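**Q** Got a structure here, written out as structure tokens. Questions coming.
We did not get these values from a lab; they are worked out from the coordinates using the rules stated. As the structure is a computational prediction, the values presented were derived from the model and not from experiment. Cβ placement follows ideal geometry from the backbone for every residue including glycine, while neighbour counts extend to all protein chains displayed.
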Amino acid sequence: MLKVTPKKHYGQHFLKDENIARDISESLTLHLNYNQVLEIGPGTGVLTKYLFNSTKFQTSLIEVDSEAYLYLNEKYPEKRDSIIFGDFLKINLSELFSEPFAVIGNFPYNISSQILFAVLENRNLVPEVVGMFQKEVALRIASKPNSKAYGILSVLLQAFYDIEYLFTVDEHVFIPPPKVKSAVIRLKRNQVQSLDCDEKRFVQVVKQGFNQRRKTLRNALKGLNMNAELLASEILSKRAEQLTVADFVRITNQISF
């Protein structure tokens, strides 16, 4: 049997705990009735085994590491048509999937945020995500307003997904052990089809607000062309971390770009 060596440049930390792998696979809820699942970076296939064994959905894998790709083909010869050699961040998901699919995986920490931005771009194809992240990132994604962890990623993702922090994972269940704790979170697509504002400008306002998060929004958003109503509003006395998605939508609509 071929072997797979964890590679630092891919950010690989292979999960070895079967119970955690099972818990991750069972965290999929089939939200909005999808029947396709894509696992990103399966590595040695510890999670893959539970996904392939499920009769509730069909699983595909995408793996960028050629050594892991060959290993998975040898381990699951009957599933070779479902194993893709490629980079998730570079593929066209709408060409790969013609119907909704869930995303799952023990995500490489160095690209975990990029994976979520790709999901966001394809949000109408991805009704659910279950993923392992660095704990700090997981907390940031799932946190609510008035939390120090609440930030850009929180707002942008929570605009379109309901997010749950599921459980914390210790370092020793990985090969090699990471230097930080990990966590599993779940994202479920909400009912928002589009924001009631220009979405590109919304992103700009959110980023500018949090880039100087210690300042009030009156100072953080200085330089933007805010109308008189907004300038007189009490909301500008708040900091970005105190605002909901709806608050940012309201502000975006009161700025001339």
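**Q** For log10 I(q)/I(0) by the Debye sum over Cα atoms at q = 0.07, 0.15 Å⁻¹, the listed values are [x] -0.28, -1.04; [y] -0.31, -1.13; [z] -0.34, -1.17; which was obtained by calculation from the structure presented?
**A** The value computed from this structure is option [x].
**Q** Quickly work out the PHE167-to-GLN193 label distance, labels modelled 7 Å from Cα along the C-beta direction, and quote it in nm with one decimal.
**A** 3.8
**Q** Straight-line reach only, C-alpha to C-alpha below 12 angstrom: list the aspartates and glutamates that LYS238 could link to, leaving out same-chain residues fewer than 8 apart.
**A** Answer for LYS238, where 12 Å is the Cα cut-off: ASP247, listed by chain and number.
**Q** Right, here's the next one. If neighbour count is taken as other Cβ atoms inside 10 Å, put THR55, THR252, THR5 in order from fewest to most.
**A** Ranked by crowding around the Cβ, least crowded first: THR55, THR5, THR252.
**Q** In Å and on Cα atoms, what radius of gyration and Dmax does segment 1-122 show?
**A** Cα radius of gyration and Dmax of segment 1-122 are 13.6, 39 Å respectively.
**Q** So what's the gap between the Cα centers of segment 3-48 and segment 169-189, to the nearest angstrom?
**A** Using only Cα atoms to place each centre, the spacing works out to 11 Å.
**Q** In which sequence would HIS13, HIS31 go, from the one with the fewest C-beta neighbours within 10 Å to the one with the most?
**A** On the way: HIS13 22, HIS31 16.
Least to most surrounded, the residues fall as HIS31, HIS13.
**Q** Can you list the residues of segment 131-157 with backbone N under 17 Å from a point 7 Å past the Cα of ARG250, pointing along Cα to Cβ?
**A** 145-146
**Q** Something else now. In nm², what is the average projected area of the convex hull enclosing the Cα atoms of segment 133-257?
**A** Details: hull surface 34.4 nm².
Approximately 8.6 nm², given one-decimal rounding.
**Q** Could you work out the pair-distance distribution P(r) of segment 199-256 from its alpha-carbon pairs, with 5 angstrom bin width and percents rounded to whole numbers?
**A** The percentages, shortest bin first, are 4, 22, 37, 29, 8.
**Q** What's the exposure ranking of TYR109, TYR34, going from fewest to most Cβ atoms within 10 Å?
**A** Values: TYR109 18, TYR34 21.
With the sparsest Cβ surroundings first, the list reads TYR109, TYR34.
**Q** Around TYR34, with a cut-off of 12 angstrom between Cβ atoms, what is the net charge of the other residues, counting Lys and Arg +1 and Asp and Glu -1?
**A** Here the count lands on +1.
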